[in-house]
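Taking it in order: structure first as structure tokens, then the write-up.
The values are calculated or read from the model by the stated rules, or taken from the named source; none is laboratory data. Just so you know, these numbers come straight off a predicted model, no measurement behind them. Glycine gets a Cβ as well: all are built from the backbone with ideal geometry, and neighbour counts include every protein chain shown. These area figures cover heavy atoms from the full protein model, side chains too; ligands, DNA and RNA do not enter into them. Shrake-Rupley method; radii C 1.70, N 1.55, O 1.52, S 1.80 Å.
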Amino acid sequence: MTASDPCFLSVAEAAALIAAKRRSPVELVRAYLARIERLDSTLHTYVRVLHDEALTAARAAEAEIAAGRHRGPLHGIPIGLKDIYDTAGVATEGGSKLCLGRVPSTDATTARLLKQAGAILLGKLTTWEFAIGGTAFDTPFPPARNPWNPERDPAGSSSGSGAAVAAGLCAMAMGSDTGGSIRWPAAWCGLAGLKPTYGRVSRAGIMPLSFSLDHAGPLTWTVEDAAIVLQAIAGHDPRDPASADRPVPDYRASLTSTDLKGVRLGIARAMFERDCPTAGPMGKAFDTAVEVLRGLDAAIAEIELPPLALYNATASLITRSEGFAIHEKTLRERPQDYGVLARDRLTIGAYIRASDMVHAMRRRLMLVEATEAAMAGFDAILLPTCPDPAPPLGELAPYFDNRRPMYMRPFNLTGQPALSLCNGFDDSGLPLSLQIVGRHFDEATVLRIGHAYERATPWRKHRPPL
């Protein structure tokens with residue numbers, strides 16, 4: 001890796017060079033394709049590389065820009081999509097034998113919007129089977145590996161998305177997040193991962209896991225890049241029944257402030273010291289990050305949220321019930337075509353009673369209200385993203401979330417925007433992570449806080465030693 005390697009430009013940096021005609025989309029695409037060919041046989045981030053299609057799109061983008069028809073900061077930027085995003089004419093297989101050869105006729109709304117913004121699709125990225133199957137070795141595609149150490153897990157379910165962006169195999173990638181599947185790979189791969197507010201970004205054309213908990217969002221190298229991508233994909237979509245018809249602000253404009261004066265941050269300390277204590281390095285990195293934010297003039301105090309176990313149990317009942325409802329027919333007819341982890345995790349939903357689901361939905365409303373009440377007087381919540389750095393590949397227990405529950409799932413339940421970003425490295429060089437959770441539809445403040453932290457710290461200078 002060198003500082004001049006085009007594969008290690010941020011989206012914002014590459015966009016500025018393309019706009020100034022100092023970098024060519026064709027040059028960028030060629031560099032990424034060469035890097036994919038060199039490294040992905042080890043990392044397994046892609047299930048399908050669109051070599052010829054990407055070069056054709058790059059030549060078209062270059063011609064448009066040369067003719068003065070520059071579409072904006074994503075024009076000519078090479079990206080990847082998690083392989084649950086429908087792409088017209090290109091297979092979308094969800095990491096499953098059940099969907100091999102499935103070729104959609106239309107794009108997911110987000111895929112269409114990114115294409116309209118001028119982004120160039122390099123290929124489809126590895127996913128846990130149907131976004132729930134875990135790090136599995138019995139599915140059609142090998143599991144992605146963590147570029148910081150290929151013997152480590154990149155997390156999931158957006159495993160290929162996180163690993164590809166960190167390894168410089170695409171400039172940004174789209175993931176999905178039902179219980180942390182954007183923020184978790186961001187945490188273990190050292191990225192910025194944004195779960196927008198529920199309803200802010202369309203899920204139309206994305207394979208569902210849980211209708212009421214699924215979110216779509218970007219994994220990027222920097223928070224500024226996340227703002228750029230969110231600008232392109234946010235907005236109301238009648239194809240998604242849960243899509244919110246709310247104004248979309250200028251997210252990048254929110255990043256201009258040089259400090260956090262007037263921003264009020266609440267530390268949810270009980271969640272990561274009492275409910276599920278963090279490992280030492282994650283806790284130390286969090287405390288250091290708090291001091292950085294305090295030095296940027298943010299006002300910081302403690303905040304008390306409901307117990308982590310209550311959020312997680314409620315979300316688990318809902319996810320398993322909705323996941324089984326989606327997959328019931330194929331689970332009955334073709335159970336042998338699922339990987340063991342996906343089949344077992346989805347089948348749990350068959351044993352959840354209707355009364356359990358009713359109580360879970362009622363409890364969800366109570367937890368939303370309790371979280372909003374706890375946030376009174378605060379602009380955002382601070383906590384780590386997860387308790388531990390990345391473990392060896394394949395070591396995650398089938399039901400790990402009950403043993404060492406992550407700190408992400410509560411905010412799928414509440415639907416609040418949440419950002420994971422790198423806040424250091426442990427002694428072995430594995431990334432550590434901070435989570436910033438905002439008020440509904442206030443992604444702008446979350447991004448502002450994350451961007452200010454990134455500018456005040458050196459972590460974006462570090463890339464995996466591939």
For this session: Could you tell me whether residue 39 is over 12 Å from residue 123 (Cβ atoms), in a helix (DSSP H, G or I) and more than 25 Å from the chain's Cα centre (by Cα)?
Result: no
Seminar exercise, completed: When (1) touching a Gly at 6+ places or on another chain (Cβ under 8 Å); (2) touching a residue at least 60 places away in the same chain (Cβ under 8 Å) are applied to residue 152, the one that fails is (1)
Exercise. Restricting the stretch 329-369 to residues that are of a type in the set (D, E, K, R), within 27 Å of the chain's Cα centre (by Cα) and open to solvent by 60 Å² or more (accessible area, probe 1.4 Å), which is nearest to residue 97 (Cα to Cα)?
Worked result: 343
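Hey, could you check the stretch 48-96 for residues that are charged (D, E, K, R) and more than 23 Å from the chain's Cα centre (by Cα) and say which is surrounded by the fewest Cβ atoms within 10 Å (Cβ to Cβ)?
Kept after step one, since they are charged (D, E, K, R), are these residues of the stretch 48-96: 48, 52-53, 59, 62, 64, 69, 71, 82-83, 86, 93.
If we keep only those that are more than 23 Å from the chain's Cα centre (by Cα) as well, we get 52-53, 59, 62, 64, 69, 71.
On the way: 52: 9, 53: 15, 59: 14, 62: 20, 64: 16, 69: 11, 71: 15.
Selected residue: 52.
Give the residues of the stretch 276-293 that are open to solvent by 50 Å² or more (accessible area, probe 1.4 Å) and not polar (S, T, N, Q), sorted by residue number. Spell out the reasoning first.
Residues of the stretch 276-293 that are open to solvent by 50 Å² or more (accessible area, probe 1.4 Å), as a first pass: 277, 281, 284, 287-288, 291.
Passing the criteria: 277, 281, 284, 287, 291.
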For this session: Please note which helices (runs of 4 or more DSSP H) are completely contained in the stretch 357-456 and include at least 2 residues that are of a type in the set (Asp, Glu).
Result: 443-455
For this session: Take the stretch 411-429 and flag every residue that is over 17 Å from residue 180 (Cα atoms), buried (at least 20 other Cβ atoms within 10 Å of the Cβ) and not small (Gly, Ala, Ser).
Result: 423
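Residues 323, 266: which one is modelled with pLDDT of 95 or more, of a type in the set (Gly, Ala, Ser) and over 27 Å from residue 85 (Cβ atoms)? Full working, then the answer.
Numbers: 323 fails: over 27 Å from residue 85 (Cβ atoms).
So the residue among 323, 266 that is modelled with pLDDT of 95 or more, of a type in the set (Gly, Ala, Ser) and over 27 Å from residue 85 (Cβ atoms) is 266.
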For this session: Inspect all residues belonging to the stretch 123-131 and state whether any of them is buried (at least 24 other Cβ atoms within 10 Å of the Cβ) and under 24 Å from residue 308 (Cα atoms).
Result: yes
Exercise. If you go through the stretch 29-41 one residue at a time, do you hit one that is basic (Lys, Arg), open to solvent by 10 Å² or more (accessible area, probe 1.4 Å) and within 21 Å of residue 154 (Cβ to Cβ)?
Worked result: yes
For this session: Of all residues in the stretch 144-158, count the ones that are more than 17 Å from residue 187 (Cβ to Cβ) and buried (at least 24 other Cβ atoms within 10 Å of the Cβ).
Result: 0
Problem set entry | Every residue from the stretch 200-227 that is more than 30 Å from residue 362 (Cβ to Cβ) and open to solvent by 10 Å² or more (accessible area, probe 1.4 Å) | 205, 221, 222, 224
For this session: Of the numbered conditions (1) among the β-branched types (Val, Ile, Thr); (2) in contact (Cβ under 8 Å) with a residue 60 or more places away in the chain; (3) open to solvent by less than 30 Å² (accessible area, probe 1.4 Å), residue 106 fails exactly one; give the number of that condition.
Result: (3)
Exercise. Which of (1) farther than 22 Å from residue 432 by Cβ; (2) under 20 Å from the mean Cα position of the chain (by Cα); (3) surrounded by 17 or more Cβ atoms within 10 Å (Cβ to Cβ); (4) not basic (Lys, Arg) does residue 306 not meet, given it meets every other one?
Worked result: (2)
